[in-house]
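Here is the structure we will look at.
Any read-out appearing in this document is the output of simple, stated calculations on the displayed coordinates, not a laboratory observation. Small disclaimer: the values here were computed from a predicted structure and weren't measured. FYI the Cβ positions are ideal-geometry reconstructions off the backbone, even for glycines, and counts take in every protein chain you see.
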Amino acid sequence: MGFDLNGRTALITGASSGLGAHFAEIFVAAGARVVIGARRVDRVEALAARLGDKALPVAIDVTDEGSIAAAYNAAEAKFGPIDTVIANAGVANGGRTVDVEPDKLRQTIDTNFTGVLLTAREGARRMIAAGSRDSGRGRVVLVGSITAHVTGHGDSAYAASKAAVAHLGRNLAREWVRMGINVNVIQPGYIQTEIAGDWFQSEGGAKQVAGWHRRRFMPIDVLDPQLLYFASDASAMVTGSVIDIDDGQSL
């Protein structure tokens, strides 16, 4: 079953590479208009050029409320009201907790948790103002990680930020359930994208992969069916879900 996103307008953060850029591609293929945001504006501009007139590149720093509001303003000026938000921006500052500098800890929490909250909150404000309570078509998807409930070496701040995202999603779903906005969380396992850096080329990374039951990474398109479902009208009665998609990596 395919999911039709014709008529939808989605704002996607962290769209300069990896999952975010891929999400933009599949949303346009499904019929949606997309507002693709990141700090690396040159990259989202190049992506928008490939995607055509259904894509609008915007600068977004998810740690800055003013930047987020400006992105939504640009989106509404181009496409009208946003009805779908994919809060995907994130950073991975690894390292032993006893060694990680405080500024790196703050950056991780500010981007991975506070940035997700601010992005979703501004989207909800706009959806409510546009009549989501009557239409029931508001959709928010938070991109978390299986590290929310899986322990590992050097992941403490990142994992804590993703655990916070999972619980945030449940709470936002409860808070907005009567506002016509569905909030769900996808927690991917390991996909080889830019955010992982060169960890998986190291000896420690190789040992981590060897410890997975199926000893393999997931392809970048593994999240597509679930993400498109959460963004579509087919998920009208689904809110507050937190779903792992990890090829058994967390088992």
Condition set of a type in the set (A, V, I, L, M) and surrounded by 24 or more Cβ atoms within 10 Å (Cβ to Cβ), scope the stretch 180-193, selection nearest to the chain's Cα centre (by Cα): answer is 185
Within the stretch 107-132, restricting to residues that are small (Gly, Ala, Ser) and within 11 Å of the chain's Cα centre (by Cα), the one that is farthest from residue 92 (Cα to Cα) is 120
Can you tell which of 151, 84, 147, 97 is touching a Leu at 6+ places or on another chain (Cβ under 8 Å), within 30 Å of residue 250 (Cβ to Cβ) and of a type in the set (Ser, Thr, Tyr)? 84
Residue satisfying all of: in the stretch 72-92; closer than 10 Å to residue 10 by Cβ and under 16 Å from the mean Cα position of the chain (by Cα); surrounded by the fewest Cβ atoms within 10 Å (Cβ to Cβ) among these: 82
Single condition residue 115 does not satisfy, out of (1) in contact with a helix residue (DSSP H, G or I) (Cβ under 7 Å, 6 or more places away or on another chain); (2) buried (at least 24 other Cβ atoms within 10 Å of the Cβ); (3) farther than 20 Å from residue 230 by Cα: (1)
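One line per residue, one yes/no per condition, for (1) surrounded by fewer than 24 Cβ atoms within 10 Å (Cβ to Cβ); (2) assigned to a strand (DSSP E or B):
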| position | (1), (2) |
| --- | --- |
| 127 | no, no |
| 133 | yes, no |
| 141 | no, yes |
| 150 | yes, no |
| 162 | no, no |
| 170 | yes, no |
| 173 | yes, no |
| 178 | yes, no |
For the subset of the stretch 142-170 comprising residues that are in contact with a strand residue (DSSP E or B) (Cβ under 9 Å, 6 or more places away or on another chain) and without any contact (Cβ under 8 Å) to a residue 24 or more places away in the chain, which member is farthest from residue 128 (Cα to Cα)? 147
Confirm whether residue 95 is part of a loop (DSSP other than H, G, I, E, B) and surrounded by 23 or more Cβ atoms within 10 Å (Cβ to Cβ). no
With respect to residue 106, is the statement that it is of a type in the set (D, E, K, R), closer than 29 Å to residue 238 by Cβ and surrounded by fewer than 20 Cβ atoms within 10 Å (Cβ to Cβ) true? no
Considering residues of the stretch 40-71 that are without any contact (Cβ under 8 Å) to a residue 24 or more places away in the chain and small (Gly, Ala, Ser) only, the residue surrounded by the most Cβ atoms within 10 Å (Cβ to Cβ): 48
Could you please give the count of residues in the stretch 207-251 that are assigned to a loop (DSSP other than H, G, I, E, B), buried (at least 17 other Cβ atoms within 10 Å of the Cβ) and out of contact with any strand residue (DSSP E or B) (no Cβ under 9 Å at 6 or more places or on another chain)? 1
Can we say residue 110 is charged (D, E, K, R) and in contact (Cβ under 8 Å) with a residue 12 or more places away in the chain? yes
